[in-house]
Structure formats: structure tokens, C-alpha cells
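Below is one structure, written out as C-alpha cells; the observations come after it.
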């Protein structure tokens, strides 16, 4: 067994060395259009700027109206920036008409828009769950279905979906977010297999913990969620439990404190869009590659213990304490 594992490790090291010294080529960006959602900040914003520098015709969707001019000022005259809410059919249809006026062929669609808030399933409403799923899953499904004809109009186009390592694992306190990312992982896999005859490449980006707005202010978001729930739920869990949870899983979380450089994700996205041989999956940061991805392959009982130890609160919910006392 040890010999087999050692042999696999050696093969992997040799493969990585080969890819390092003999990298695959990039395509010519001239005349190629790339549509990106969620370009207000973070990965989408960085990718729009990077692909514009490379010479692509960038079609960048932003959610906040004031972001339109802010991003336009950073891009060349080739780029087009527009308001896009991927949860609204009328927005998607309007963008489709705008894109069709410019080109009949898309080189790439980057499904990047996303929202992330924590909260135990007992705390969140169905409306909250729907809101997260609408942005992180159904919105991307709608974008993909709408623009698929422009993508398969030529061979070797690609769709790049930004999921998360939380689509592979599910720590406590991220019920809606993890569910949406698991769904998006599955969607990406069957899309790649169904579109294989069209030579449409589908790449999945699985970031770990990066310094982006989505991880900032999570303590405030959880506190706001807690303040808005009903009294019976508050009494069931207790303020001490929530304060301990915020302290351990957010304020003192080592992954958040030492979050990785978001440019690693932008570079992975650029490779997926530009390279002649994009990968199926990218784990761009060290946390994703060497911790979260291996953790996803652990036995369920072992990962349960690990997750509760790392991000689970130290205190029992108030309702559990009452049961024990009774």
C-alpha cells in the first residue's frame, strides 16, 4: 500500500514538473467575446480587468448601478459594462439582445455572481434559502440556458463556473450557501458531459478562503440574522451559543484571518478562459488544494469531528442544556 501511494505521489510530482516546464499554449484573444457576471468586486472584477488587458472583448455584468461607470473607467473601449441581475429573466433577456448585437458567437461565459451568508437551518427562513439558491444556482442555470446557443455556435467555447470548496464539504452554519454550491457542482458536471459532443468545455473553480468581500462582515450578517428570528428559536439556541459561534467560526477563524490572495483565483479563471487545454477543476489556493479538498474525501464520521472541532461552537445550545438538566 505504501509503495502504491509513493508511486502515485511520484507520478503526480513528475506530471506537475512537466506541466511547469512545458505549459500548454493560450488561444488568440483577438475578436473573442467573454461574458462575465458579478463584476462589481472580487473575482469577476479582477477577471474583467485581466481579460481586457489580454485583448478580449469583455462583456461585464454588474449588480449595483453605480458600479457600471466605476468598472468602465478601468477597461478599454472594447469592453461593455451593463447592469445585470441574474435572478431576473428580463435582465437576462436584455443582456442577450445586447450581446447578439455585438456577436453571434461567445468564446466564454463566466458564471461568477454569488452571495454568501451563514446561519443554521433552524434560524433561516425558506425565503432566505430561496434567495441564496436563486443567485448561486438558478441564476447561473438561467444564464447558461440563455447563452448556450451562442456558445455552441463554434467548437472549443467554454463555460467557467465559480463554485466553492463548500460545494464539496458542508461545515455547520452554512446550510443555504453549501446547498447552493453543491447544486452548482452537480450542474457543472452534467453540463460538461451533456455538451461533450459540441466540444464545449466546462471548468469548475473551487476557491477556499480568499480575501474578498464575501467573507468580510460575516459576524455582522450572522448577528443581524439572529436579531431577526423569532423568540422561540432564540430561546432554543440562546445568546451565549450564538456569541460563541461568531467568536469561533468568524472572528477567530484562522482561515478567515489568514485568507489567501484572490489573484490566485483570477489567474485560474484566466487559464480556464484562455488556455487551449483548460482543466475540469481548479483549486487555486492553498486552503482549497491541501486542506478542504482532501478533507472532502475523509470518512463522514471523521469529517464531522473535524468540522465541529474547527468551526463548531464550544457551548451547547440552551435547549440542549435544559434537556440534560431535566
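Here, each number is a calculation from the coordinates, and none is a lab measurement. Just so we're clear, the structure is a prediction, and the values are computed from it rather than from any experiment. Cβ atoms come from the backbone with ideal geometry, glycine included; neighbour counts cover every protein chain shown.
Computed on the range 24-311, with alpha-carbon pairs under 8 angstrom and 6+ residues apart, the relative contact order is 20 percent.
To the nearest 500 deg cm²/dmol, what mean residue ellipticity at 222 nm is calculated for the chain from DSSP H runs of n ≥ 4 alone, each contributing -39,500 (n - 2.57), summed and divided by the residues?
Numbers: 14 runs with 155 residues, N = 326.
Calculated mean residue ellipticity at 222 nm is -14500 deg cm²/dmol.
For the chain, the longest principal axis of the alpha carbon atoms and the long axis of helix 139-151 meet at an angle near 10°. Peptides 51-60, 225-234, 150-159 ranked from most to least packed, by the mean per-residue count of other Cβ atoms within 10 Å: 51-60, 150-159, 225-234.
Restricted to Cα atoms, the range 60-156 shows a radius of gyration and a Dmax of 15.5, 49 angstrom.
For helix 218-227, what angle does its Cα long axis make with the longest principal axis of the chain, in degrees from 0 to 90 and rounded to 10? Once rounded, one gets 50 degrees. Length available on full extension from residue 154 to residue 324: 0.36 nm per residue minus the Cα-Cα distance, which gives 54.8 nm. For residue 22 and residue 290, a Förster radius of 22 Å and the Cβ-Cβ distance give a FRET efficiency of 0.35, rounded to the nearest 0.05.
Considering only 241, 184, 292, the mean-square fluctuation computed in a Gaussian network model of the chain, springs between alpha carbons under 10 angstrom, is largest for 241.
Going highest first, how would you order 259-268, 30-39 by mean Cβ packing within 10 Å?
Values: 259-268: 19.6, 30-39: 22.4.
The peptides rank, most packed first, as 30-39, 259-268.
Report, in degrees rounded to the nearest 10, the 0 to 90 angle that the Cα long axis of helix 42-54 makes with the longest principal axis of the chain. Orientation of helix 42-54: about 20 degrees from the principal axis.
For the range 1-123, just say rounded, prolate or oblate: build the C-alpha gyration tensor, square-root its eigenvalues into a ≥ b ≥ c, call rounded for a/c under 1.5, and beyond that prolate if a/b exceeds b/c, oblate if not. Oblate is the answer for the range 1-123, as a/c is 1.5 or above yet b/c matches or exceeds a/b. For semi-axes √(5λ) of the Cα gyration tensor in Å, the candidate list reads (i) 45, 23, 16; (ii) 36, 26, 17; (iii) 28, 26, 19; the entry that matches the value derived from this model is (ii).
Pulled fully out, how much extra length does the chain show between residue 240 and residue 96, if you take 0.36 nm times their separation in residues and subtract their Cα-Cα distance? It would help to have the intermediate numbers written out before the result.
Details: separation 144, 0.36 × 144 = 51.84 nm, distance 4.97 nm.
In short, 46.9 nm is gained.
Would you please put 115-126, 167-178 in order of how densely packed they are, using the mean number of other Cβ atoms within 10 angstrom per residue and starting with the highest? Could the numbers behind the result be given before it?
Details: 115-126: 16.9, 167-178: 21.1.
Top to bottom by mean Cβ count within 10 Å: 167-178, 115-126.
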